[in-house]
Amino acid sequence: MFKSKTSFKAVILAAGKGTRMKSSKPKVLHEIFSKPLVGWVVDSINEIYPQNNTQSIVVVGHGANDVEKYLKKYENATCVLQKEQLGTGHAVSMATGELKDFCGTVLITCADTPLLKSSTMRSMVEYHLEHNADVTVMSAIFDNPFGYGRIVRSQDGGIEAIVEQKDANDEQKAIKEVNAGVYCLKWESVKNAFGELKNNNSQGEYYLTDIVCWAKEKNKKALSFVIENPDETLGINSRAQLAQATQIMKNEKLNELMETGVTIVDPLSTSISPETQIGADTVIYPNTYINGKNKIGSNCKIGPFSHFRGNVEVGDYSKIGNFVELKNAKIGSHTNVSHLSYVGDATLGSNVNIGAGTIFANYNSITKEKKRSTLNDGVSIGSNTVIVAPVELGENVFVGAGSVITKNVGENSLALCRTPQKEYPDWVEKQKKLLNKGDN
C-alpha cells in the first residue's frame, strides 16, 4: 500500500483522433451505456485507491475543448494539451510538467480502454511495488496475437523489448504474450526517459514502448504483469469494437446479477449498465434497457420493454410495467408504475399506484428548467393523468383518471380535473349527410 496520498498518479492518453470511427466526435467521447470511454477509464482509476483522491493527468489533442468540457465534472482530473500527435512517448512527455516534483508510481493507460477494471490495475500497481520495478508493462496472452506488439523476455524473466508486428521476425511472431498498453513507472527513476526517447522510425514518432529498451540501457528493472482476462485490454478504434466492448460489458453485468439471485428472463434482449445495483429475487423481463447509475431493490418486477435512463431508485417489492420510462426518480417499496407511463424528476412514496398512461410533465422547453414532483405514501393515480411539476400530493390522495394536476393536493383528498362530458346525438349521421351532399 502507499505511504502517502501523493505517491500515486495516473496519466491517461486521450489525444488521438480515432479516424476509423468515421466521426466528427473525438473517439474518447463515444459512449457505452451513455458514458464516454474516457469517463469509464477515469472512474476506474478513481476506484483503484479511492481514499487517495488520485490525480489523473489527461493528455488531450483532437477535440481537446470537448474532452476538457466533459472532464470538468472530475475535480481530480487535469488536462494537458498535445498540440501535435507525435506518438505515445511524446504524449506522456506533455504530462511531465504536472509531475515535475513527483516521487512515486505513475500509471499510464489509454482513454479508449473502458473494460479495464480498477481491481486489475490495482493488482498491477501492487505487483510493480512488490517487485521494486522501475517499469512494469501490462501484458496479455492471445492465441492469435496478430497485430500486437510482442513481449520479448530476457533469460531472467524480465522484459528485453516490445517488438511491433511489422518489425518482428518469425521467432518473435510466434510469441503469444503481447503488450496491453498499460504501464507502471517508478517516476523518479524513469522520468528522464521522456527527454531521451528517439523517433528514428518510419513514422517519426516517439513510442512509449521504447521505454523498455531505454530501461535496459540504463540497467533499470523492467517487468511485465500478465492480465488474467485479455478482454479487459480491448482498445476502441472502430464502431465494431465499440459494439464489441458494449456486448462484453453487458454480458459481464448480466452474469454477475444472475449469480447474485436476479432473474434475467432473456439475456439476449436485456441490457443493464454495470453501474446498476439490483437486489435478489427481482425479475427482469425481456427487452428491458437499464442505463446509467440505478439501484433496484429485491423482489421487484421490471418490464418487459422498460427503460431506465439513469439516477433511478426502486424500492423492494415494486413493479415497473411494460413500456415505462424512468429518469431521475426515486420510487418507494410496494409501488406500481403501470404500462405506458413516464416518471421523470419525481419522488414516489411506498404503496403508490400509477395508472397506465400517466405522464410526469417535468420540463419547460422555454426556460430549459426541470422541476420535481412528490407523491407521498399511498397515492393512487388514475390512468391517462398528467402530473405537471412542481406539485406535491399528500398521503393517500386519489386522482381521477384523465386529470391534469397542476396544484398541490392535500392528504386523503380526491383530485379531479376534467371538462364536463358532452354528447351530441346523431352527430355522425349528420356529418355523413353533409359529406354526401357535397359529393353531389
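The values are calculated or read from the model by the stated rules, or taken from the named source; none is laboratory data. Please read these numbers as outputs of a predicted model, since none were measured by experiment. Glycine gets a Cβ as well: all are built from the backbone with ideal geometry, and neighbour counts include every protein chain shown. Surface accessibility is based on the protein's heavy atoms, side chains included, excluding ligands, DNA and RNA. Shrake-Rupley method; radii C 1.70, N 1.55, O 1.52, S 1.80 Å.
Here are the numbers for the structure shown:
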quantity: Subset tally (residues that are out of contact with any Asp or Glu (no Cβ under 6 Å at 6 or more places or on another chain) and within 20 Å of Gly310 (Cβ to Cβ)) for the range 359-384; calculated: 8
quantity: All positions within the range 151-165 that are without any contact (Cβ under 8 Å) to a residue 60 or more places away in the chain and among the β-branched types (Val, Ile, Thr); calculated: Val152, Ile162, Val163
quantity: First in the range 254-276 and more than 17 Å from Pro114 (Cβ to Cβ) and open to solvent by 30 Å² or more (accessible area, probe 1.4 Å), second anywhere and assigned to a helix (DSSP H, G or I) and at pLDDT 95 or above, Cβ under 6 Å, 6 or more apart; calculated: Pro267/Leu254
quantity: Filtered residue count, the range 179-202, keeping only those that are of a type in the set (Asp, Glu) and open to solvent by less than 30 Å² (accessible area, probe 1.4 Å); calculated: 0
quantity: Candidate set: the range 277-300, residues that are of a type in the set (D, E, K, R) and touching a Gly at 6+ places or on another chain (Cβ under 7 Å); chosen: the one least open to solvent (accessible area, probe 1.4 Å); calculated: Asp281
quantity: Qualifying residue in the range 192-204 (condition: out of contact with any Asp or Glu (no Cβ under 6 Å at 6 or more places or on another chain), charged (D, E, K, R) and more than 28 Å from Asp143 (Cα to Cα)); calculated: yes
quantity: Subset of the range 127-158 that is under 15 Å from Ile227 (Cβ atoms) and aliphatic (A, V, I, L, M) - its residue that is most open to solvent (accessible area, probe 1.4 Å); calculated: Ile141
quantity: Residue list for the range 79-122, restricted to those being farther than 16 Å from Glu188 by Cα, buried (at least 17 other Cβ atoms within 10 Å of the Cβ) and either touching a His at 6+ places or on another chain (Cβ under 8 Å) or β-branched (Val, Ile, Thr) (or both); calculated: Val80, Gln82, Thr88, Thr109, Thr113, Thr120
quantity: Cross-chain or 6+ apart pairs with Cβ under 7 Å, the range 166-189 first and under 25 Å from Ser93 (Cα atoms), then aromatic (Phe, Trp, Tyr) and buried (at least 17 other Cβ atoms within 10 Å of the Cβ); calculated: Val178/Tyr148; Asn179/Tyr148; Trp187/Phe102
quantity: Some residue of the range 203-222 being open to solvent by 20 Å² or more (accessible area, probe 1.4 Å) and in contact with a Cys (Cβ under 7 Å, 6 or more places away or on another chain); calculated: no
quantity: Count - residues of the range 235-250 that are under 21 Å from Arg309 (Cα atoms), loosely packed, with under 14 Cβ neighbours inside 10 Å and not hydrophobic (A, V, I, L, M, F, W, C); calculated: 1
quantity: Residues of the range 22-34 that turn out to be part of a strand (DSSP E or B) and either crowded, with 21+ Cβ neighbours inside 10 Å or in contact with a Gly (Cβ under 6 Å, 6 or more places away or on another chain) (or both), as a count; calculated: 1
